[in-house]
Amino acid sequence: MNRLNLVPALLGFLALLASGSGSGAGPDVSGETLTALPDKPPAPEFTLPDIDGRTHRLSDYRGKVVVVNFWATWCPPCREEMPAMQRAWEQVRNDDIVFLGINVGETEDEIFAFTGDYRVDFPLLMDRDSAAIQDWPIRGLPTTYVVDGEGHLAYRAIGGRAWDRPEVLDQIRALR
Amino acid sequence: MPASHIMTLCGLFLLSPAGFADPVALGIDPETRLKHWEWNADGVLLRITQRLPDQTRAFFLARGFNQADADHIAGNCIFQSMFRNTGPEASGTVTSDLNDWRLSSNGKQGRLLVREHWRKLWAEREVPQSARIAFEWSLLPTQQTYAPGDYNWGMTSYGLPPDSHFDLVFTWHRNGRRLEGKIGNIQCAPDIHPEPNPANE
């Protein structure tokens, strides 16, 4: 192998490092639950397309519990929690509980590539210009809110969670 | 990188001469050789991990920055960072403001370069919106309120040249009380470039 042929390998190595995978991204969250919001402020409305071109409005889901996860493909703790989120969704999908993943600032292609590595069957919405996230009380990724059937913010998680943990699912199911 | 792969150079919670556990641990990743420093005490965990300037260049070039701007970011001592409220459920929230954190290097005092600093710069340089969005959200938030168990992950920037050394004093508030921690002799990653392994040539 000559030196020139090593360039793609080096770029791949750098990309792996750049993704944050070498940084010990997330802490152990196996014991964490969701933080209740006693004042339950109204959830800001959004209208966003998903990666298949369908439009989703938060108000379309009134009457259901909605787990709204803000994330990005380059965010290691976002990637770390996504499989648990998928497993959680599989357990509650028939219980009038909806999961929406709102990607911040990326393209369909970037999200599509992500779903090649991570199976996600709930809707992935695109907030390309970050207008939606700016309406929400969010300062870092990932942040997830659980919206109750009346459209109020009931729970919050800053950072990743083990979403399929029974204690976490119980919190979500109790909102129905 | 699984935590089990992280080799700790200095043991966690080394005992100081006074008999108190040292809240700072230094570690190194055996594969990347990047160092990390971790403070874990008083219900707060702060972990900062070196990022090679080339890592940072690659990350931001892939997100729409031009070479000059990616070089500029990479030259400002970027760490991967995590801040977490590790207190028990009843301990209450922690608030943190990176504007209050201080660093000292070669006798000079400094501050972190926070989102607001960079936001102004990118507006002046007319950086594309998608790149600005990625940059903004990839940084540790300037202000945040952490419930027990909450954490944020993101880059922090110290405004120093590669390979610089500095001490960091970081602060937070819990139940109205100001607390602080210190990590000494932190090293910004050197600006080295991975070389091909001659064995593969």
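Laboratory data are not the source of any read-out in this text; all were calculated from the coordinates shown. Here the structure is a predicted model, which means the values were calculated and not measured. Quick reminder, even Gly has a Cβ in these numbers, built from the backbone with ideal geometry, and neighbours come from all protein chains shown.
Calculate the mean, over all residues of peptide B:83-95, of how many other protein chain Cβ atoms lie within 10 angstrom of the residue's Cβ.
Per residue, the number of nearby Cβ atoms from other chains is 1 on average.
Under 5 Å between amide H atoms, partner at least 5 residues away or on a different chain: which partners does A:Ala154 have, H built in plane at 1.01 Å?
A:Val146, A:Val147, A:Asp148
Hey, what does the equivalent ellipsoid look like for the protein assembly as shown, semi-axes from the Cα gyration tensor as sqrt of 5 times each eigenvalue, largest first, whole Å?
Each semi-axis is √(5λ); the values are 33, 26, 20 Å.
Check the straight Cα-Cα distances from B:Lys35 and name the lysines below 30 Å, setting aside those fewer than 8 residues away within the same chain.
B:Lys108, B:Lys182
Hey, if you drop one equal point scatterer on each alpha-carbon of segment B:74-161 and run the Debye formula without solvent, what base-10 log of I(q)/I(0) do you get at q = 0.16, 0.20, 0.26 Å⁻¹?
-0.72, -0.99, -1.30
To the nearest 10 degrees, how steeply does helix A:76-92 sit against the main Cα axis of chain A, on a 0 to 90 scale?
Around 40 degrees separate the two axes.
Taking each pair of distinct Cα atoms in segment A:60-123 once, what is the resulting Kirkwood hydrodynamic radius in Å? List each step's numbers first, then the result.
On the way: mean 1/r = 0.0810 Å⁻¹.
Final number for the Kirkwood radius of segment A:60-123 is 12.3 Å.
Let me test this: with uniform point scatterers at the alpha carbons of chain A, what is the Debye-based log₁₀ I(q)/I(0) at q = 0.09, 0.11, 0.14 1/Å?
-0.33, -0.47, -0.74
For the protein assembly as shown, what is the calculated [θ] at 222 nm in deg cm²/dmol (nearest 500), taking -39500 (n - 2.57) for each run of four or more DSSP H residues and dividing by its residue count?
-7000 deg cm²/dmol
If each of A:Arg93 and B:Asp167 carries a label point 7 Å out from its Cα toward its Cβ, how far apart are those two points in nm?
Placing both labels 7 Å along Cα→Cβ, they lie 5.6 nm apart.
For A:Lys64, give me every one of the aspartates and glutamates with a C-alpha distance below 17 angstrom, ignoring sequence neighbours fewer than eight places off in its own chain.
A:Glu45, A:Glu90, A:Asp95, A:Asp96, A:Asp148, A:Glu150, A:Asp170
Which of these, A:Pro49, A:Pro41, A:Pro142, has the largest mean-square fluctuation under a Gaussian network model of chain A (Cα springs below 10 Å)?
Fluctuation is largest for A:Pro41.
May I ask you to derive the relative contact order of chain B, considering only C-alpha pairs under 8 Å and at least 6 residues apart, and to give it as an integer percent? Walk me through the numbers on the way to the answer.
Values: 401 pairs, mean separation 43.4, N = 201.
Relative CO of chain B lands at 22 percent.
What whole-number distance in Å separates the alpha-carbon centres of segment A:50-123 and segment B:51-125?
Distance between centres, Cα-based: 28 Å.
Please identify the helices of chain B, taking whole runs of DSSP H, that span at least 27 Å along their own axis as judged from the Cα atoms and have a mean Kyte-Doolittle score of -0.5 or higher.
Span-like helices here: none at all.
Can you tell me the alpha carbon radius of gyration of segment B:117-201 divided by the globular rule-of-thumb value 2.2 N^0.38 Å?
Rg over 2.2 N^0.38 Å, computed on Cα atoms: 1.51.
When you count, for each residue, the other Cβ atoms within 10 Å and take the mean per peptide, how do A:93-102, B:76-85 rank with the highest first?
Working: A:93-102: 18.3, B:76-85: 25.0.
Ranking the peptides A:93-102, B:76-85 by packing returns B:76-85, A:93-102.
Using Cα springs under 10 Å in a Gaussian network model of chain B, which residue among B:Leu140, B:Leu45, B:Leu179 shows the largest mean-square fluctuation?
B:Leu179
Where is the GNM fluctuation largest for chain A (alpha-carbon springs, 10 angstrom cutoff): A:Gly116, A:Gly105, A:Gly149?
Largest GNM mean-square fluctuation: A:Gly116.
Treating only the Cβ of Lys, Arg, Asp and Glu as charged (+1, +1, -1, -1), what charge dipole size does chain A show about its Cα centre? Round to the nearest 20 debye.
Here chain A has a charge dipole of around 200 debye.
Percent antiparallel among DSSP beta bridges with both residues in chain A, to the nearest 5?
60
In square nanometres, what is the average projected area of the Cα convex hull of chain B?
Result: 13.9 nm².
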